[in-house]
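One structure is given here, and the rest of the page talks about it.
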């Protein structure tokens, strides 16, 4: 795969050759110009190699993402099984009246947790118990408003960016 220096060199050669061809024949049509440049430079091949490498890495990233998703699901199953086993052990210990078990590799005991809160009705909780949050800009809302023709003070459309579209067969 070509490196950035090779791509830069090929781009410079392509640009200079394009300039000279147009200078020599200002009436040259775009198809002829592009065909001539493609045959005289390696830029298209170099870019093709870069795109192929990007596609390979995207496929690898997709595979890793899928694998990570499967591993997350497996982790969730293991954590659920662990939690259920602890719940079963706790329930059996409570039913049997066993408060502590000493094993060579661990000690397990039942203990009473400190009280936690149960919110019955949030609307009734007084203001001092609420944490104020700084406002956050609703970027999607602003974009939707601008798209619908609404003027939003302090916001406007940004210039469109050129993006690279790659279709594979």
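Side notes on the structure shown:
- Using the average count of surrounding beta-carbon atoms within 10 Å as a protection proxy, the listed peptides 126-133, 24-31 rank, highest first, as 24-31, 126-133.
- Normalised contact order of the chain, rounded percent, pairs of Cα under 8 Å and 6 or more residues apart: 12
- One decimal place: the segment residue 106-residue 67 gains 10.6 nm when fully extended, by the rule 0.36 nm per residue minus the C-alpha distance.
- Between residue 113 and residue 1, the distance separating the two model label sites (each 7 Å from Cα on the Cα→Cβ line) works out to 4.9 nm.
- The chain: calculated mean residue ellipticity at 222 nm from DSSP helix runs of at least 4, using -39500 (n - 2.57): -20000 deg cm²/dmol
- Our analysis of the chain gives Rg over Rh at 1.28, with the two radii drawn from alpha carbon positions and Rh computed by the Kirkwood formula.
- Contour minus Cα-Cα distance for residue 40 and residue 93 (0.36 nm per residue): 10.9 nm
- In this calculation the C-beta distance from residue 76 to residue 122 is compared with R0 = 30 Å, giving a FRET efficiency of 0.55.
- Between residue 162 and residue 51, residue separation times 0.36 nm minus the direct Cα-Cα distance comes to 38.3 nm.
Taken together, the values in this text are just the output of simple stated rules run on the coordinates, not laboratory data. Worth saying up front: this structure is predicted, and the values here are computed from it rather than measured. So basically every Cβ, Gly included, is an ideal-geometry build from the backbone, and we count neighbours across all protein chains shown.
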